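Asks: This is the structure I have questions about; it appears just below.
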Amino acid sequence: MAKHRYAYFPGCVTSGSAREVQDAMDGIARILDIELLPLNGASCCGAGVMKQANAKLQISLNARTFAMAEAEGLDVLTPCASCQGNMVEDFVSLTDDEQLREEVNEQLEKICGLRFEGTMRMRHLLQVLVEDIGLDVLADKLLNPIDFPVAGYYGAPMQQEGACGDDDAYDPQYFEQVIEVLGGAPVEYEGRTQSVGFPSLLSEEESAMKMTAAVLTEAKKEGAKIMATACPLSHLNLDVYQVEAARVSGQDTDLPVIHLPELVAWALGHDKSRLAQLRTRVLVMGD
Amino acid sequence: MAAVVKVWIDEGCITCDACEDTFPEVFHVTDDTCFIRAEARVDGGYDENRDSKSAVTSEFAAQLEIIEEAADECPVDVIIIAVETEGGEAEPAEESAAEAEEIEPTVVGEAEAPAAAEPVASAASGGLEELMQGERDLLLLIGSQSGNSEAVAADAAKAAPTYGLTARIKMMDEIAIGDLVGVRRVIIICSTWGEGDMPDTAEDLWQAASSSAAPKLPGTSFGVCSLGDTAYEFYCQSGKDWDGWFEKAGATRLLDRIDCDLDYEETSPPWIAEALAHVAAVDEAGNFHADALDDLRALAGPEESSRVAAGAAFDIPQLTQAERQATVRVFRYDPVTGESGHDVWQCALPAHMSVLETLRLLKGTQDGSLTFRDGAPDDPTTGLLVNGRLVLPGRVSISQFARGDEGALNLRIDPLPAYDVIRDLAVDHDSYQRHLAASRPWFRGATRDGAQLDQGVMGMMDAPTAANLHAAQDIASNQLLHSASDTVPHNREYIGPAVLSRLWNRSQDPRISDAGRAALLAVIQGADGVKAEADISSVNRQGRMGAVASANLYAAKRATLQEQHFTGRHGAHVWFFTQTVKLSGTLNETVLAGGTLKMGMLRNLYRGILPRMLLGFTRTGGPIMRDKQSFLIGAGIPVSIGKMPKLVNSPVEDHHEVVALYNAMDGRF
């Protein structure tokens, strides 16, 4: 049996446009002796968007996911900061509001034969790496140091009390600690916990682009050569929409953006060619 | 002469079962306390016998030794035995008798206490001297939101030396739960916030206390003073929670909790005086000496009692913490030269100092030109960004920004992000005020029936509605809240979460007129209203203030989208998102983008977004030809080389359950 076991909630984007995250997660699990038990029946977390239509619906779907993990007796691990933030919010709503919990459980029992008890915990990969696996283990397993300045991007949803483990919600350090132990130079910048407006990427694009540009340009200004993000949803803004962000804001946003799982997996020896290509991108092409 | 034996249970039983084990025919331990059995009582009652003080039947009176043995076994000395002669005089324990008109209880175990023949004061003083020996620490543990608990604690701390106690005041966010282990005496003074919530300063400790790893406190004696407001449903809930927790942790409750309403300044002092006498009666070993209570009360004297009871003015004791080495980085901006940056000071500061006091100190001793908004601790216009956290600087101590108990204090103090900086940390709140004024937020009430009260005819509202409205407007600073949104600095037309939150609450007030509500909703639902908020989670993360406001924003957005029938980009986005999850259980990004953007997808072609997705991870070194999906679909639809989403999602396992939940919770989708 693996040393660490979690119910695995990859998030919709990890199974969709960000499948590179799944590649990296597989590598991390193998190297760090983690068993990721798939929650095959789990549904989308709602990403804070479904809540704009019906909060109780989103909470019910997440309660079902929680109950599935509880049935396995496991905590849930996700590589997505948006999933983490949203699901923790719903977890708190369920545990704090007995009336809501009973109403949701009534439906869960009737429809799924499940019941949410509140015995599991939501964990983001970042928290698992620091709190469960340990930085010392990461240091021991390090094969390919990330030897350049890296800006870690946490995003807003996860950086709230209760959703970020024992890290400081407002002045977090976990990402910087991971970057440092993987051989990189962590870049401190205010924008690391600010939103890039992903929930409104398709509806309030101008604001989202300006928010994206602000994060990227500040990271660059503080010396970052790459950015790693704990949120695959925000990665869409930060990477794919990077040029558009530059056009809307009139600022230089050109910066390679990878995912936290990629940063960790590559440093630990998974997919060496990708790391080599990234290094080439950073060192040869520059900005 | 035959004796009448009376036995009763005083407050503070810890339900340890010792008495029942010794004499089950007389004592019965319940979940909460211990009862004297009906069969053992003359009056046939079944309770603690504290009020009626019924005599035990002659059968059991003859077994006084066993009752005394049970009392001896009691670890908290709450079994009180009184032996009275039939003539109404208490039978002398050793050599004298108690006064006839009132039976003086004798705590067994201390039955050899000085007889009444000797002056009480002098007899007691000898006992008190012994009691006062050794460790006399008292912990005043405060959970406070607005400073009321501190004021009560200050009263207690001031009076503590009179009772031979050395008081130390600790905010709940200054200690770890493990620090309570070994504490002999503690008085908890805690307010309740919102709907039964812990105050911010108590939340972390409560979380720690609620964990399975929380310690037991068998040697601790405690009392709880709870502050609240009867206008709220969960009146004094925080204090009740702590009271229950200490009991469960095995601590000994010395006296009943007091729940104080808004008139706490009148109701808390007598309780504090009584609580101090009780904790003072706990000796170094943790034993409670009930017989010393009267003497301890007398120690305070009528003058002191009345002074404390009257809440007389005195110097509030300083809540002190040791100095720590601090590095303080303060944003500076000179409007004349346009230069900006951070000044750094390294200094030793008392950790209890507030951020505002720190700035005052720097201004007074280091740089008189340092500019910031000064004011009372709860002045809503003084807000700052400290280590990424929006705060009123007069209400947070610098120790709250330390990492770990012995961690270094590194403060980075910046102006609020949503405003133009005037100089250094002083910002111009115009962007908030301008939106507030333009929104015309005033209340236009409807004509309603009133109720005839003593004061005249007044409009009434039911208590739950009033409480909900009150809680939904529980914002410490609207200026602070305005800058909680990460959207505000990037969209100057957006009216912001503070104005929105205020308008939404007002629109939900049942007293408002239809015209007034319509006018407010028009602003909320306009282009610069709630739809302009790009990410509510950025508001939600800012503590209690953010949670209150984000709940309002979500409610406002739901109402807006529903009223506008999910039309436009915002409506389509939410509609297609929710709809696509129902179809497979997971989000289909292709459907979402196509449904929301429609022809706007073509714009993404020439803007470079689709080509960038098409080429995938050239930026990060990923393989260009990620899979073959792109060859299977036509132009104009997002395709899948590199960072491209799936066209069709496979349903999750037991997908029918997801559909059933949708149908049960929301028939619209």
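Asks: In what sequence do B:PHE246, B:PHE443, B:PHE566 fall when counting other Cβ within 10 Å, fewest first?
Replies: B:PHE443, B:PHE566, B:PHE246
Asks: Taking the Cα centre of region A:1-129 as origin and charging only Cβ (+1 Lys, Arg; -1 Asp, Glu), how large is the dipole, in debye to the nearest 20?
Replies: For this selection, approximately 300 debye.
Asks: Let me ask something additional. Which ³J(HN,Hα) values, rounded to whole Hz and listed in residue order, are derived for region A:81-97 from phi using the Karplus coefficients 6.51, -1.76 and 1.60 in 6.51 cos²θ - 1.76 cosθ + 1.60 with θ = phi - 60°, glycine and proline given as x?
Replies: For region A:81-97, the Karplus curve yields 5, 5, 4, 4, x, 5, 6, 5, 4, 6, 4, 5, 4, 5, 6, 7, 10 Hz.
Asks: Also, I was wondering about something else. Under the Karplus relation 6.51 cos²θ - 1.76 cosθ + 1.60, θ = phi - 60°, what is the ordered set of whole-Hz ³J(HN,Hα) values for region B:56-62, x standing for Gly and Pro?
Replies: 7, 5, 4, 4, 8, 4, 6
Asks: Now for a different question. To the nearest 10 degrees, how steeply does helix A:98-111 sit against the main Cα axis of chain A, on a 0 to 90 scale?
Replies: Here the helix axis deviates by roughly 80 degrees.
Asks: Let me ask you something else. Given all pairs of different Cα atoms, what value in angstroms does the Kirkwood hydrodynamic radius of chain A take?
Replies: After inverting the pairwise mean of 1/r, the radius is 19.2 Å.
Asks: Now for a different question. Does region A:143-245 come out rounded, prolate or oblate, given a ≥ b ≥ c as the square roots of the eigenvalues of its C-alpha gyration tensor, rounded meaning a/c under 1.5 and, failing that, prolate meaning a/b above b/c?
Replies: Since a/c reaches 1.5 but b/c is at least a/b, the shape of region A:143-245 is classed as oblate.
Asks: Any idea which of B:GLY594, A:GLY183, B:PRO651 is furthest toward the positive side of the dipole for the protein assembly as shown, if Lys and Arg beta-carbons carry +1 and Asp and Glu beta-carbons -1?
Replies: Ranked along the dipole, the leading option is B:GLY594.
Asks: Okay, moving on. Determine the dipole magnitude for the protein assembly as shown: charges of +1 sit on the beta-carbon of Lys and Arg, -1 on that of Asp and Glu, nothing else is charged, the reference point is the Cα centre, and the result goes in debye to the nearest 20.
Replies: Value, rounded to 20: 8760 debye.
Asks: Under 5 Å between amide H atoms, partner at least 5 residues away or on a different chain: which partners does A:PHE148 have, H built in plane at 1.01 Å?
Replies: A:ALA185
Asks: Next up: With chain A treated as a Gaussian network of Cα nodes joined by springs under 10 Å, which of A:GLY73, A:GLY250, A:GLY118 yields the largest mean-square fluctuation?
Replies: It is A:GLY250.
Asks: Apply the a/c threshold of 1.5 to the C-alpha gyration tensor of region B:131-309 and tell me whether it is rounded, prolate or oblate.
Replies: It is oblate, given that a/c is not under 1.5 and a/b is not larger than b/c.
Asks: Can you list residues whose amide H is under 5 Å from B:GLU11's amide H, if they're 5+ apart or on another chain and H is modeled 1.01 Å from N?
Replies: Amide H to amide H, under 5 Å and 5 or more residues apart or across chains, B:GLU11 pairs with nothing.
Asks: If you don't mind, there's one more thing I want to ask. Taking amide hydrogens as modeled 1.01 Å from N in the peptide plane, which residues meet the under 5 Å criterion relative to B:PHE27, leaving out close sequence neighbours?
Replies: Counting only residues 5 or more places away or on other chains, the set is B:ARG37.
Asks: Taking +1 at the Cβ of each Lys and Arg and -1 at the Cβ of each Asp and Glu, which of A:TYR8, A:ALA18, A:ASN62 sits farthest along the dipole of region A:4-124 towards its positive end, judged by Cα position relative to the Cα centre?
Replies: A:ALA18
Asks: Distance check, please: which entries in B:LYS170/B:LYS216; A:LYS3/A:LYS51; A:LYS56/A:LYS210 exceed 25 angstrom between their Cα atoms?
Replies: In this structure, A:LYS3/A:LYS51; A:LYS56/A:LYS210 exceed 25 Å between Cα atoms.
Asks: log₁₀ I(q)/I(0) of region B:178-249 at q = 0.12, 0.23 Å⁻¹, via Debye over equal Cα point scatterers, no solvent, to two decimals?
Replies: One equal scatterer on each Cα of region B:178-249 leads to -0.31, -1.04.
Asks: Apply the a/c threshold of 1.5 to the C-alpha gyration tensor of region B:323-426 and tell me whether it is rounded, prolate or oblate.
Replies: prolate
Asks: For the protein assembly as shown, what is the Kirkwood estimate of the hydrodynamic radius, computed as the reciprocal of the mean inverse distance between distinct Cα atoms, to one decimal in Å?
Replies: 31.5
Asks: Mind putting a number on the dipole of region B:323-426 about its Cα centre? Charges go on the C-beta only, +1 for Lys and Arg and -1 for Asp and Glu, and I need it in Debye to the nearest 20.
Replies: Computed charge dipole of region B:323-426: roughly 140 debye.
Asks: What do you get for GluC sites (Glu not before Pro) in region A:201-239 restricted to DSSP loop and a cutoff of at most 15 other Cβ within 10 Å of the site's Cβ?
Replies: Of the GluC sites (Glu not before Pro), the ones in loops of region A:201-239 whose Cβ has at most 15 other Cβ atoms within 10 Å are A:GLU222.
Values in this text are rule-based calculations from the coordinates and carry no lab data. Nothing here was measured: the structure is a model prediction, and the numbers come from that model. Glycine gets a Cβ as well: all are built from the backbone with ideal geometry, and neighbour counts include every protein chain shown.
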